[in-house]
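Next up is a structure, given as structure tokens.
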Amino acid sequence: MAVETIGAGAGSASASQAMRGRESDMSLSERHFTPLRIAHVMAGARSGGAELFYERLCMAQHEAGHDVRAILRRDPAREARLGARHVTTEAMRFGGRLDLLTPWRLRRSLKRFQPDVTIAWMSRAARMMPAGPWPVAGRLGGYYDLANYRKCSDLVGNTRGLTRWMVAQGWDAGRVHYLPNFANDLAHVKPQRPDCVPEGRPFILALGRLHRNKAFDILIRAMKRLPGVHLVIAGEGPEREALTGLARGEGVSDRVHMPGWVQDSGPWLKACDLLVCPSRIEPLGNVVIEALSAARPVVASAIQGPEEVLAGTQDGLLAPTEDPEGFAREIAAVLETPALAASLCVNGRARFEREFAAPVVLARWDDFLHALASRHSGER
């Protein structure tokens, strides 16, 4: 598929656009490959969906043959993971607005590297970007203040809903681009049940930061209507104490397990009976894509990202937001109907392969980066 620019009309594709579309349908090994120097600048947290995708994209583009520079907030664990895959990293402070050293260091680093294109991940990195002879695209995974992206020539959203919102905020539709995330391919990962779940008991899995936006409280309340089912919430965050107290108050603490953040959730995903994403706010929902990759059934909130992925399909089920009974009903339907569960698994995996597998998404990124670098070169 060619670069999906929001301003492109359905019937206006030129011959060259059509050719790019045919080229991107090829496997990466079949396409003519031109390496680029790509700087990915991230000032993110220690954990989170955007941060995990940042790592995956840097690694994948490096392995594809691009010269990648990962410039990031100091995080020894992230630096070690990237270094183990031979991605060149450079750590900086990325402090608050009084941090005057990081923009200076960032400018010096980029002048040395001379990237063909720079990607600023989220608001802080975009705000600190220095001017220079390189195009800058801001990559957003949420509805952030676009005033922070004034130094960017283009914006990238990982959902179509985000890109429509960017245009509605006044951005030129021709410089707003939809590039989805890809998830690791979990087809050959060996399933492994968490030690906290008794053998022979069904268990549902939720992944994410223990934050109110993730609505794990709704899921815990739903557990009262799901006797015999165990819930594993893999994540860490400020709501741990409140969620622990809620599980105790609801009388389900013996079936609700919170083992903390799990760096490699693939084996648990492959082993679970169902992945649940009950979020109140979820611009994308990487966990939904990961469940599709693992060929596991999904029940998610009918909001934003999950709705964009699942609405009108037979790839997963949507439940009303803030509705424990509604979530319990959809979860029970999957657990009690093997034919439905099997159908969701097959359909979801096929959807992953069509839209969210690494070769498909990397081809889209390559098309976008080359187009941006070429346009910038022509504008200079």
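Working carefully through the options A242, A291, A222, find the one that is in contact (Cβ under 8 Å) with a residue 12 or more places away in the chain, surrounded by fewer than 17 Cβ atoms within 10 Å (Cβ to Cβ), in a helix (DSSP H, G or I) and in contact with a helix residue (DSSP H, G or I) (Cβ under 9 Å, 6 or more places away or on another chain). First the steps, then the outcome.
Working: A291 fails: surrounded by fewer than 17 Cβ atoms within 10 Å (Cβ to Cβ); A222 fails: surrounded by fewer than 17 Cβ atoms within 10 Å (Cβ to Cβ).
Selected residue: A242, the only one of A242, A291, A222 that is in contact (Cβ under 8 Å) with a residue 12 or more places away in the chain, surrounded by fewer than 17 Cβ atoms within 10 Å (Cβ to Cβ), in a helix (DSSP H, G or I) and in contact with a helix residue (DSSP H, G or I) (Cβ under 9 Å, 6 or more places away or on another chain).
Just the residues that are surrounded by 21 or more Cβ atoms within 10 Å (Cβ to Cβ) and part of a helix (DSSP H, G or I), please, taken from the range 306-323.
Those that are surrounded by 21 or more Cβ atoms within 10 Å (Cβ to Cβ) and part of a helix (DSSP H, G or I): P306, V309, L310.
Which of the following residues is at positive phi, not assigned by TED's automatic domain parsing to the domain that holds W134 and not aromatic (F, W, Y): G348, G326, G285?
Working: G348 fails: at positive phi; G326 fails: at positive phi.
The match here is G285.
Could you list, ordered by first residue, the pairs with Cβ atoms under 9 Å in which the first is in the range 116-136 and outside the structural domain of A45 (by TED's automatic domain parsing) and the second is part of a loop (DSSP other than H, G, I, E, B) and surrounded by 24 or more Cβ atoms within 10 Å (Cβ to Cβ), at least 6 apart or interchain?
Qualifying pairs under 9 Å: none.
Restricting to the range 225-237, what's the tally of residues that are modelled with pLDDT under 95 and either surrounded by fewer than 21 Cβ atoms within 10 Å (Cβ to Cβ) or outside the structural domain of L275 (by TED's automatic domain parsing) (or both)? Steps first, please.
Filtering the range 225-237 for residues modelled with pLDDT under 95 gives 235-237.
Add one more test, that the residue is either surrounded by fewer than 21 Cβ atoms within 10 Å (Cβ to Cβ) or outside the structural domain of L275 (by TED's automatic domain parsing) (or both), and what stays is 236-237.
Of the residues in the range 225-237, 2 are modelled with pLDDT under 95 and either surrounded by fewer than 21 Cβ atoms within 10 Å (Cβ to Cβ) or outside the structural domain of L275 (by TED's automatic domain parsing) (or both).
Let me ask you something else. Name the pairs: first residue in the range 350-368 and farther than 26 Å from R175 by Cβ, second residue surrounded by fewer than 18 Cβ atoms within 10 Å (Cβ to Cβ) and among the basic types (K, R), Cβ to Cβ under 8 Å, at least 6 apart or on different chains?
Sorted first by the residue in the range 350-368, then by its partner, the list stays empty.
Assess whether W165 counts as being among the aromatic types (F, W, Y), touching a residue at least 24 places away in the same chain (Cβ under 8 Å) and assigned by TED's automatic domain parsing to the domain that holds D67.
Working: among the aromatic types (F, W, Y): yes; touching a residue at least 24 places away in the same chain (Cβ under 8 Å): no; assigned by TED's automatic domain parsing to the domain that holds D67: yes.
When the stated conditions are applied, W165 does not pass them.
Let me spell it out: the conditions are (1) modelled with pLDDT of 95 or more; (2) over 27 Å from P191 (Cα atoms), and A328 meets all of them except one. Which number is the exception?
Single failed check for A328: (2).
Checking M128 against (1) surrounded by 20 or more Cβ atoms within 10 Å (Cβ to Cβ); (2) in contact with a strand residue (DSSP E or B) (Cβ under 7 Å, 6 or more places away or on another chain); (3) of a type in the set (A, V, I, L, M), which test does it fail?
So M128 meets the others, but not (2).
Of the residues in the range 300-325, how many are over 14 Å from the mean Cα position of the chain (by Cα) and without any contact (Cβ under 8 Å) to a residue 60 or more places away in the chain?
Looking only at that region, the number is 15.
Suppose we filter the range 358-380 for residues that are touching an Asp or Glu at 6+ places or on another chain (Cβ under 9 Å), farther than 24 Å from Y54 by Cα and either outside any helix (DSSP H, G or I) or among the hydrophobic types (A, V, I, L, M, F, W, C) (or both); how many remain?
0
Shifting gears a bit: Could you please let me know if L207 is crowded, with 18+ Cβ neighbours inside 10 Å, within 25 Å of the chain's Cα centre (by Cα) and not assigned by TED's automatic domain parsing to the domain that holds G49?
Values: crowded, with 18+ Cβ neighbours inside 10 Å: yes; within 25 Å of the chain's Cα centre (by Cα): yes; not assigned by TED's automatic domain parsing to the domain that holds G49: yes.
Taking the combined requirement at face value, the residue satisfies it.
Residues checked against (1) at pLDDT below 95; (2) aromatic (F, W, Y); (3) touching a helix residue (DSSP H, G or I) at 6+ places or on another chain (Cβ under 8 Å):
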| position | (1), (2), (3) |
| --- | --- |
| P267 | no, no, no |
| V276 | no, no, yes |
| E282 | yes, no, yes |
| P297 | no, no, yes |
| E308 | yes, no, yes |
| L318 | no, no, yes |
| E322 | no, no, yes |
| A332 | no, no, yes |
| A342 | no, no, no |
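The values are calculated or read from the model by the stated rules, or taken from the named source; none is laboratory data. Predicted model only: the values in this text are computed from it and were never measured. When we count neighbours, we look across all protein chains shown, and the Cβ atoms used for this are built from the backbone with ideal geometry, even at glycine.
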